[in-house]
Amino acid sequence: MDFIKTIILGIIQGATEFLPVSSSGHLSVAKHVLNVDVGGGILLDLMLHIGTLAAVFFVFRKLIGRLIVAFFRMLGDIFTGKFHW
């Protein structure tokens, strides 16, 4: 597969992930338009989605960190009897 076409697919995946439409659908259309032959099947789609997930975690790392800390504090409060509804 051509490296440039893979980069274009990655850009399409990243740009359409947060739209209220299917980013996987955009990937399928882009593969057809770019005439990309995916011999490995779903591996490219999987890697593109993992890249998107990594980017989301990177962008929201502070918020995700605060949520994880708050979760464990809540668990600590539950087990020590400090948690009340």
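Quick notes on this structure:
- Total charge dipole magnitude, the chain, about the Cα centre, Cβ charges on Lys, Arg, Asp, Glu only, Debye to nearest 20: 480 debye
- Positive-end residue, the chain charge dipole about Cα centroid, Cβ charges, pick of Phe72, Val36, Ala55: Phe72
- Average accessible surface for the chain: 78 Å² per residue, computed with a 1.4 Å probe over protein heavy atoms with every protein chain in place.
- Both radii were evaluated on the Cα set of the chain; the Rg over Rh quotient, with Rh as the Kirkwood radius, amounts to 1.25.
- Carbon + sulfur, % of accessible area of the chain - ligands and nucleic acids excluded, 1.4 Å: 72 percent
- Computed over the chain with a Gaussian network model linking Cα atoms closer than 10 Å, the most mobile of Phe58, Phe72, Phe18 is Phe72.
- The string of couplings for region 59-64 from the Karplus curve (6.51, -1.76, 1.60, θ = phi - 60°) is 5, 9, 4, 5, 5, 5 Hz, one whole number per residue in order, with x for Gly and Pro.
- Vicinal HN-Hα couplings computed from phi for region 47-57 (Karplus, 6.51 cos²θ - 1.76 cosθ + 1.60; Hz; Gly/Pro x): 5, 5, 5, 5, x, 5, 4, 5, 5, 5, 4
The values are calculated or read from the model by the stated rules, or taken from the named source; none is laboratory data. Note that the structure is predicted; figures quoted are calculated from it, not measured. Every residue, glycine among them, receives a Cβ derived from its backbone with ideal geometry; neighbour counts consider all protein chains shown. The protein model used for the area step is the full one, side chains on, heavy atoms only, and it has no ligands, DNA or RNA in it. Shrake-Rupley method; radii C 1.70, N 1.55, O 1.52, S 1.80 Å.
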